[in-house]
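These notes concern the structure reproduced below.
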Amino acid sequence: MGAYRVVELLGQGGMGVVYRGEHPDTGEAVALKTVRVASGAVLASIRREIHALRRLNHPGVVRIVDEGIWEGLPWYAMELLHGQTLRGFLDARAPLPMALTLLRRLCAPLAYLHGNGLVHRDLKPENVFVRPDGAPVLVDLGIAAQSGGAREVLQVGGSTVGSEAYMAPEQIRGDFVDARADLYALGCILYEAVTGQPPFVASRSAGSVLHQHLRRAPRPPSQVVEGLPPELDALVLRLLAKRPQERLGYAEDVAAALAALGAEAGEPGSTPRPSPYLYRPDFSGRGKPLERLGQALEEASRGRGGCAFLGGESGVGKTRLAMELATEATHRRLAVVTGECVPLPLPLHPFRPLLLTVADRCREHGAPETERLLGPRAQVLAAYEPALARLPGQDAQPAPPPLPPPEARARVLSSLRDTLLAFARVQPLLLVLDDLQWADELSLSFLQELAPEHLRTHGVLVVGTYRMDEAGGALRRIVQAPGAVSLELERLDAASIREMVSGMLALREAPGAFLDALVTHASGNPFFIAEYLRAAIGEGLLSRTTAGEWRLAVPGARAGAVVLPLPRSIAELIERRLAELGEDGRALVQLAAVLGREFDGELLSGAAALGDEALWEALEELRLRQVLEEAGGGRLRFVHDKLREVAYGRIPDERRRALHHRAAEAVERRYTAELPRHAASLAHHWAQAGVHGRASRFFALAGDQARAAYANAEALSFYEAALREAASSRNAAASHQDAEPPALDTVYESLGDVRALTGRQAEAREAYAQALARLAQEERVRRASLHRRVGKSWETHHQHEEALRAYAAAETVLGPDTGSLPEDVWQEWFQIQNERITTYYWQARVREMTELVERVRPIVESRGEPLQRARFFQSLVQMGFRSERYRASASTVAHGRAFMRASQHSGVESEMSMARFVLATALLLHGELDESEALMGTALAEAERVGNVTLQSRCLSYLTMSSRLRCQVEQTRHRAERVLAVAAAARMEDYLGLAHANLAWVARREGRPDVAEHLAWQALRSWQPLTLVYPFQWMAHWPLAAVRLEQHRLPEALEHVRATLEPRQQQLPDALLAALDGLETWTSPDTEALRARLTHAMGTATSLGFI
């Protein structure tokens, strides 16, 4: 193993295996320990931790002499100690003075370890070796954890490691641990040294050891052993306090207390003095917002979820409050998942931890749970979290059928929503999303569409944090949405600052004069306070004496009027801290700032111009200075994003360009096989490096990737950036490192498509015009396609004449000869005609539509492919609906059946689903309710299977209409309520109106006229903004007419009846038209006659299910 020969096995456990080793040249005996690694991604993290331990240089800490990789596993070599462990001394019941002396001497290496930002986490007698001269040595640092940090990080539910008899309560709960967890363990050892047994022993009456650590007060040692001094009782009980804040804060203070009890010091030597350190700030000053969030948490635990948002400036404590809530949720047995947003994110990045948690649960519980949580959604969501595609059985699942982009995007969002809610059905869930000001557009769309009614019936509480000064319009609308809890965190007041500083210094009360000055300068920002204290310690202005007291070395300290000499802004404090780094550390932090807030540790190593040893040293310096920290999975991150912002801002322009160049090259080397996934990062780095051609190519690729993931806002941004970089490339001097920009006609075309998709039609036409200007005349199919898309953009805004002119231009480009057109030209020609038919349909130009259909029919019949024939027959059905005023004839139904047959021949799944829906609708409008319902139910099941929420809304809406026409009140209510949920997710106002209208009919049938009136008007308001008149408004007008008749408001009832006769509305059944004969032109003042006519009409309408 490395340079060592393995001699024998010494032991093994969950963390790895320990061997006895020997150096073949020097004969040095060592203990060789391998560390099991769950995946290759964390290998670098383990090696960084080993290096941190190797740097420790204290006679009381076992020395690590070498490290490396052996058969894929990290290993390290420790000095092989001789003698016995502390366990032997305790079992032999060493005299009390000897035991106290030994534990006093143990405090020195423990203080040194803590001063280096490490916590042992498994301090017990077996892990303390005692040399022959009586000097204790800490061993088995394999689970040592790094501590400290100025910014809170959203991590909860950490692994519980350690030994039960010596484990602190916070460690048992999986909470954040710091040096005080080791001091608790030291208290347990002290208790055992004094009494002969640990403070807690399992018994039937007292419960388990872990339960007693959490809940039971220890019995004072003096009640176990007579004659112990009260000072020893006080020391032990304080170390065993349940709350870390109530314990002594520093091992040096424990040593001082033991010295006062007669413990002797160790042999004088040149042991290093421990560095002073700060504790993570106590949670203070946030009682009211935490109480409000606690109420929401309680509701979620009862199955009534919601959304809450925490806003505030950077460093004000948003993440800390979210952490506190997450800890509380864990104690209440809620599942907790945390995600964070980062600049330049991939789509749905903050929800990847949720999807990974879902994947973990699926792997743990097998196929039934996978089907419940994911079903067919796994293949949809795997594009955003690849781990889902690797679940057992997923390789046999078919890919999601293609859908038009709006429907495909809606499928992604509904799949994520359904997975979230399915996850919470077993256990209520707190989902925390940090830094929403950086959220990608698809993530914001998901939050926007996460309807309150979904969360209110499920135990899901979504909590988001964001910087208020960086929140965009979309985020502000989410935060201000009805039903959401919106909290703004103010700066801390003076009392809260005092509490915070006292906690960080582990004092019951901090120095008053110093605190007064700090309160004045800090302006209530917790991050500034933490940075100021750190700077004061680093500059030697604040230090601990050998007596364990904090001493101020600032002007005015003695007089009580402290003048703080350090900078008074966060940026200046950070600049000062970064300037104190060594040369390699400063270079590495600049490169890290270029890579981003969080990054792959191997990427940093690959881009750094440092040798291995210098790299490890620089990384360790950045850890000790609390600039970088481990982020899990082999990744590193800045302790606070302000550190990165300031570090990046201090890089000179020329060096910044060089670092971005180096970063881009490192990304290309590391991710050669998956460059498209990293296209956005590469584009950013090449652009900042001034390599514009390569930047343009990667921005275009990033746009394609975003478009494929339905992240439309990001796609627009990337395509526009690709065009800017291409322009810069043309204006810049040629470089051998650069590349040609992408084909700009393609970029403009893609840009136009996404602009059209997002409703920016005028800008889409501008992009199409730019693409046309760059296309050769010979490329007639692409040119025709662009003209057709220009027409489609006009049609979207119902500017039909402009659309028809564009379609004519498209056909002119193709040429008039349809008989001998090549296949690609013919395909485009057919699409143009299909768009024309649709335009005539919306214009209600039945004659022109009929003429065009007859023109196209023989060509489609002679050479049309099944898919083209299917769409042709769909056009015929549309024509029938319009010309027959939505009372479908037998001919229209026959066209629907032909559409169905052609779609089946095409083999295109989405086309078959649409054909089922269209035929079912034709049958409904023809009066064949039984066949319509059966076919519509099949179409609905298929839409649900593939996640097509648009088609789900349509199918459910017409099934609801069918139930109403059958006068099935409960069925109508049930289906209409389902429509409300699905149509809201699909943003389909016409079907939301339909649902409200049918619920109005239900309320009217149940004798609730006020509710019926309210819902019917709500339906009419939903239809009013639509650009085209919705043809089924009778569904709201008839309940309103009935209510008005019962209220004896005859003129208003008459107006509602007349509205159902409007020519753009569905033609009513003949029996109802006969009952309404004459009412459309009624002018008689005879009130009773009008009442009689209306009453007769209402009776007919009621029998037909209209009322």
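Structure notes:
- Checked against the criterion of being in the same structural domain as Ser717 (by TED's automatic domain parsing), over 19 Å from Tyr710 (Cβ atoms), of a type in the set (Val, Ile, Thr) and at pLDDT 90 or above, the range 748-760 has no qualifying residue.
- Per-region count, the range 1044-1081, residues of a type in the set (Val, Ile, Thr) and closer than 26 Å to Gly1007 by Cα: 2
- Put simply, of Asp584, Asp612, Asp641 the only residue that is under 22 Å from the mean Cα position of the chain (by Cα) and acidic (Asp, Glu) is Asp641.
- Applying the condition of being among the acidic types (Asp, Glu) and in contact (Cβ under 8 Å) with a residue 12 or more places away in the chain to the range 486-531 and asking which residue is nearest to Leu461 (Cα to Cα) yields Glu488.
- Odd one out for Leu96, checked against (1) farther than 27 Å from Glu170 by Cα; (2) crowded, with 17+ Cβ neighbours inside 10 Å; (3) within 44 Å of the chain's Cα centre (by Cα); (4) touching a residue at least 40 places away in the same chain (Cβ under 8 Å): (3)
- Residue identified as out of contact with any Asp or Glu (no Cβ under 7 Å at 6 or more places or on another chain), surrounded by fewer than 19 Cβ atoms within 10 Å (Cβ to Cβ), in contact (Cβ under 8 Å) with a residue 40 or more places away in the chain and under 19 Å from Thr1095 (Cβ atoms) among Leu1028, Leu1045, Leu1073, Leu1050: Leu1050
- Qualifying residue in the range 378-394 (condition: polar (S, T, N, Q), touching a residue at least 12 places away in the same chain (Cβ under 8 Å) and within 23 Å of Gly464 (Cα to Cα)): no
- One residue stands out in the range 1058-1083 among those that are among the charged types (D, E, K, R) and assigned to a helix (DSSP H, G or I): the one that is nearest to Leu924 (Cα to Cα), namely Asp1070.
- Selection from the range 303-345 of residues that are among the aliphatic types (A, V, I, L, M), at pLDDT below 90 and assigned to a loop (DSSP other than H, G, I, E, B): Val316, Val342, Leu344
Matching residues to (1) in a loop (DSSP other than H, G, I, E, B); (2) under 30 Å from Ser910 (Cβ atoms):
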{"position": "Pro347", "(1), (2)": "yes, yes"}
{"position": "Arg352", "(1), (2)": "no, yes"}
{"position": "Thr357", "(1), (2)": "no, no"}
{"position": "Glu364", "(1), (2)": "no, no"}
{"position": "Thr370", "(1), (2)": "no, yes"}
{"position": "Asp395", "(1), (2)": "no, yes"}
{"position": "Pro398", "(1), (2)": "yes, yes"}
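- Taking helices (runs of 4 or more DSSP H) as the structural unit, those lying wholly within the range 567-610 and holding at least 3 residues that are more than 11 Å from Val627 (Cα to Cα), modelled with pLDDT of 90 or more and among the aliphatic types (A, V, I, L, M) correspond to 583-595, 601-607.
- Those residues of the range 1012-1029 which are over 18 Å from Thr1102 (Cα atoms) and part of a helix (DSSP H, G or I), in sequence order: His1014, Leu1015, Trp1017, Gln1018, Ala1019, Leu1020, Arg1021, Ser1022, Trp1023
- Any hit, the range 425-434, residues being part of a helix (DSSP H, G or I), within 30 Å of Glu371 (Cα to Cα) and at pLDDT 90 or above: yes
- The set of residues from the range 1053-1107 being of a type in the set (Ser, Thr, Tyr) and touching a His at 6+ places or on another chain (Cβ under 6 Å) comprises just one member, Thr1060.
- Within the range 915-943, being among the acidic types (Asp, Glu) and more than 14 Å from Arg887 (Cα to Cα) holds for Asp930, Glu931, Glu933, Glu942.
- Spans of helices (runs of 4 or more DSSP H) in the range 945-1007 with at least 2 residues in contact with an Asp or Glu (Cβ under 9 Å, 6 or more places away or on another chain) and closer than 22 Å to Met912 by Cα: 949-965, 969-986
- Any hit, the range 649-657, residues being under 30 Å from Tyr279 (Cβ atoms) and of a type outside the set (S, T, N, Q): yes
Here's the yes/no breakdown for (1) surrounded by 15 or more Cβ atoms within 10 Å (Cβ to Cβ); (2) modelled with pLDDT of 95 or more:
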{"residue": "Gln770", "(1), (2)": "yes, yes"}
{"residue": "Val790", "(1), (2)": "yes, yes"}
{"residue": "His800", "(1), (2)": "yes, no"}
{"residue": "Leu804", "(1), (2)": "yes, yes"}
{"residue": "Tyr807", "(1), (2)": "yes, yes"}
{"residue": "Ala810", "(1), (2)": "yes, yes"}
{"residue": "Pro816", "(1), (2)": "no, no"}
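- Subset of the range 724-741 that is loosely packed, with under 11 Cβ neighbours inside 10 Å and small (Gly, Ala, Ser) - its residue that is modelled with the lowest pLDDT: Ala734
- Output for the range 849-879, where each listed residue is without any contact (Cβ under 8 Å) to a residue 12 or more places away in the chain and buried (at least 16 other Cβ atoms within 10 Å of the Cβ): none
One line per residue, one yes/no per condition, for (1) crowded, with 16+ Cβ neighbours inside 10 Å; (2) closer than 19 Å to Ala506 by Cβ:
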{"site": "Gly249", "(1), (2)": "yes, yes"}
{"site": "Asp253", "(1), (2)": "yes, yes"}
{"site": "Leu258", "(1), (2)": "yes, yes"}
{"site": "Ala265", "(1), (2)": "no, no"}
{"site": "Pro274", "(1), (2)": "yes, yes"}
{"site": "Leu278", "(1), (2)": "yes, yes"}
{"site": "Pro281", "(1), (2)": "yes, yes"}
{"site": "Pro289", "(1), (2)": "yes, no"}
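- Of the helices (runs of 4 or more DSSP H) entirely within the range 211-302, those holding at least 3 residues that are without any contact (Cβ under 8 Å) to a residue 40 or more places away in the chain occupy 230-239, 287-301.
- Inter-residue pairs, beta-carbon under 6 Å, first over 12 Å from Ile574 (Cα atoms) and in the range 644-655, second polar (S, T, N, Q), 6+ apart: Ile651/Gln590
- The residue of the range 918-941 that is nearest to Val877 (Cα to Cα), among those that are in contact with a Lys or Arg (Cβ under 7 Å, 6 or more places away or on another chain) and surrounded by fewer than 22 Cβ atoms within 10 Å (Cβ to Cβ), is Leu929.
Okay, residues lined up against (1) in contact (Cβ under 8 Å) with a residue 24 or more places away in the chain; (2) under 15 Å from Leu310 (Cα atoms); (3) surrounded by 15 or more Cβ atoms within 10 Å (Cβ to Cβ):
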position	(1), (2), (3)
Asp418	yes, no, yes
Phe423	yes, no, yes
Leu433	yes, yes, yes
Leu436	yes, yes, yes
Val463	yes, yes, yes
Glu470	yes, yes, no
Gln480	no, yes, no
Ala484	yes, yes, yes
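- Inspection of the range 365-373 identifies at least one residue that is of a type outside the set (D, E, K, R), buried (at least 18 other Cβ atoms within 10 Å of the Cβ), modelled with pLDDT of 90 or more and more than 29 Å from Phe699 (Cβ to Cβ).
The values are calculated or read from the model by the stated rules, or taken from the named source; none is laboratory data. Being a predicted model, the structure only gives us computed values, none of them experimental. All Cβ positions, glycine included, derive from the backbone under ideal geometry; neighbour counts span all protein chains shown.
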